[in-house]
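The values are calculated or read from the model by the stated rules, or taken from the named source; none is laboratory data. As the structure is a computational prediction, the values presented were derived from the model and not from experiment. Using ideal geometry, Cβ is built from the backbone for each residue, glycine included, and neighbour counts are taken over all protein chains shown.
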Amino acid sequence: MHAIKAFLPLFVLPLAASAQWLDYPTKGIPRTTNGKVDLTAPTPRTPDGHPDITGLWVADNSRHLANLATDLKEVPFQPWAEKLYNERRGQGGKDDPEARCLPQGVPKVNTLPYPFKIMNMPGEVVILYEMYYLYRQIFTDGRDFPKEFLSPSWMGYSIGKWEGDNFVVTTAGVNEDFWMDTFGHPHTSALKVTERFRRTDFGHMEVNVTIDDPKAYTKPWGAVIKQHLLPDTELLEFVCEKNLDPQHFK
Amino acid sequence: MRSIGAIILVLSLGSIPVLAHHSFAAEYDSKKPVELKGALISLEWVNPHAWIHIEVKDETGKAAKWDCELGSPNLLLRNGWRKDSIKPGDVIIINGSAAKDGSNIANARTVKFADGTRVFNAGSSGDPGAPGAPTQ
């Protein structure tokens with residue numbers, strides 16, 4: 001049986017590879033007369049009048065991946081959190097779980113240099129993240145959080161609703177096994193993240209993130225992470241399958 | 001022909017920011033730039049980082065193996081690389097930053113052929129702490 005299992009991936013792999021499109025024109029999107037995507041065209045809307053946030057997006061730069069608090073003068077740390085943050089910074093961020101192929105978690109998934117795909121489904125919004133093959137289900141069917149988070153997780157539990165032109169996502173029930181950025185801002189399982197997705201025009205979107213974790217910070221703080229649309233391409237598979245990095249270093 | 005395809009891809013998909021996975025600062029020293037010229041031993045097309053292994057000869061002709069970290073395969077694909085863009089035996093020149101621990105390891109920023117004709121943006125050197133990357 002083991003031998004059969006071992007050989008299966010050999011047959012599956014070529015199929016997976018051919019199912020990916022690096023460069024393929026996206027249909028039904030506004031283009032200028034020379035065929036270029038009109039990234040400053042108006043924000044598209046769904047039949048119910050809300051902005052349509054579906055599409056392939058990626059962060060404009062890695063500023064907030066490095067440091068989620070990069071735009072702030074000071075971070076309202078609780079003393080223990082500041083001590084841990086300084087330790088992580090002092091070690092150059094070498095113990096970031098992401099470097100061991102573990103999921104980035106919420107909110108870090110908004111800051112990555114790889115695309116994510118937002119899909120608007122009945123009763124939920126699904127986001128597929130290229131990096132490390134992650135996904136989120138953001139329920140929009142009116143449910144509240146479960147009474148108890150039986151199994152705190154990397155991506156947490158997410159519910160979403162529209163407030164004007166903002167798609168507002170609240171996430172709780174995360175585990176404590178990821179860092180919120182490469183610099184190592186800590187959090188606890190009490191973390192509640194609010195993400196306000198606002199598509200400002202056809203090619204641009206802002207994700208306004210609020211960190212509310214009274215066990216680690218004395219008051220909420222956050223960042224606005226700018227994203228741009230990636231037309232004419234698709235997600236590529238990104239399984240973090242063979243981390244050679246550690247074995248190359250002494 | 002491959003080089004033309006690569007250039008077009010770089011131009012049309014150049015809006016993706018350079019990769020950042022793990023902390024550059026933890027492993028590499030931006031103040032230790034290196035230029036390595038040698039024959040390719042192998043290209044490991046794996047996540048989260050591809051690696052180039054090359055044989056570099058010093059002035060006396062003594063050969064040493066160097067391991068150079070690149071971006072992920074997806075980043076390389078979007079920047080115009082293909083798995084066969086460089087082949088074992090090709091002489092290449094790598095510019096990047098050396099490892100902090102003094103071993104024969106570098107983070108590649110650019111990779112070009114010995115005749116200088118093709119230059120790719122290679123690396124994971126956009127990681128926090130790398131030259132030009134955010135520090136605050």
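Could you grab the pairs with beta carbons closer than 8 Å, sequence gap of 6+ or different chains, first residue in the stretch A:25-44 and under 19 Å from A:T200 (Cα atoms) and without any contact (Cβ under 8 Å) to a residue 60 or more places away in the chain, second one surrounded by 11 or more Cβ atoms within 10 Å (Cβ to Cβ) and among the aliphatic types (A, V, I, L, M)? Every condition considered, the pairs that remain are A:R31/A:V37.
Taken across the stretch A:99-117, residues that are among the polar types (S, T, N, Q), more than 17 Å from A:V58 (Cα to Cα) and under 22 Å from the mean Cα position of the chain (by Cα) do not occur at all. Before we move on, is A:A99 away from chain B (no Cβ under 14 Å) and either on the phi > 0 side of the Ramachandran plot or part of a helix (DSSP H, G or I) (or both)? For A:A99, the condition - away from chain B (no Cβ under 14 Å) and either on the phi > 0 side of the Ramachandran plot or part of a helix (DSSP H, G or I) (or both) - is not met. Within the stretch B:3-16, one or more residues are modelled with pLDDT under 95, away from chain A (no Cβ under 14 Å) and outside any strand (DSSP E or B).
Scoring A:K83 on the criteria (1) part of a helix (DSSP H, G or I); (2) closer than 20 Å to A:K226 by Cα leaves a single failure, condition (2). Applying the criterion of being touching a Ser or Thr at 6+ places or on another chain (Cβ under 6 Å), crowded, with 23+ Cβ neighbours inside 10 Å and modelled with pLDDT of 90 or more to the residues of the stretch B:94-136, the residue that is nearest to the other protein chains (Cβ to nearest Cβ) is B:N107. If you scan the stretch B:57-86, which residues turn out to be without any contact (Cβ under 8 Å) to a residue 40 or more places away in the chain, within 15 Å of B:V111 (Cα to Cα) and either away from chain A (no Cβ under 11 Å) or buried (at least 24 other Cβ atoms within 10 Å of the Cβ) (or both)? Answer for the stretch B:57-86, where residues must be without any contact (Cβ under 8 Å) to a residue 40 or more places away in the chain, within 15 Å of B:V111 (Cα to Cα) and either away from chain A (no Cβ under 11 Å) or buried (at least 24 other Cβ atoms within 10 Å of the Cβ) (or both): just B:D84.
Could you list all residues from the stretch A:110-134 that are part of a loop (DSSP other than H, G, I, E, B), over 17 Å from A:E206 (Cα atoms) and touching a Phe, Trp or Tyr at 6+ places or on another chain (Cβ under 9 Å)?
Correct list: A:G123, A:E130.
Within the stretch A:49-80, the set of residues being of a type in the set (V, I, T), within 10 Å of chain B (Cβ to nearest Cβ) and part of a loop (DSSP other than H, G, I, E, B) comprises A:T70 only.
Here's the yes/no breakdown for (1) touching a helix residue (DSSP H, G or I) at 6+ places or on another chain (Cβ under 8 Å); (2) of a type in the set (D, E); (3) surrounded by 21 or more Cβ atoms within 10 Å (Cβ to Cβ):
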{"residue": "A:E195", "(1), (2), (3)": "yes, yes, yes"}
{"residue": "A:R199", "(1), (2), (3)": "no, no, yes"}
{"residue": "A:H204", "(1), (2), (3)": "no, no, no"}
{"residue": "A:V209", "(1), (2), (3)": "yes, no, yes"}
{"residue": "A:D213", "(1), (2), (3)": "no, yes, yes"}
{"residue": "A:A216", "(1), (2), (3)": "yes, no, yes"}
{"residue": "A:A223", "(1), (2), (3)": "yes, no, yes"}
{"residue": "A:L230", "(1), (2), (3)": "no, no, yes"}
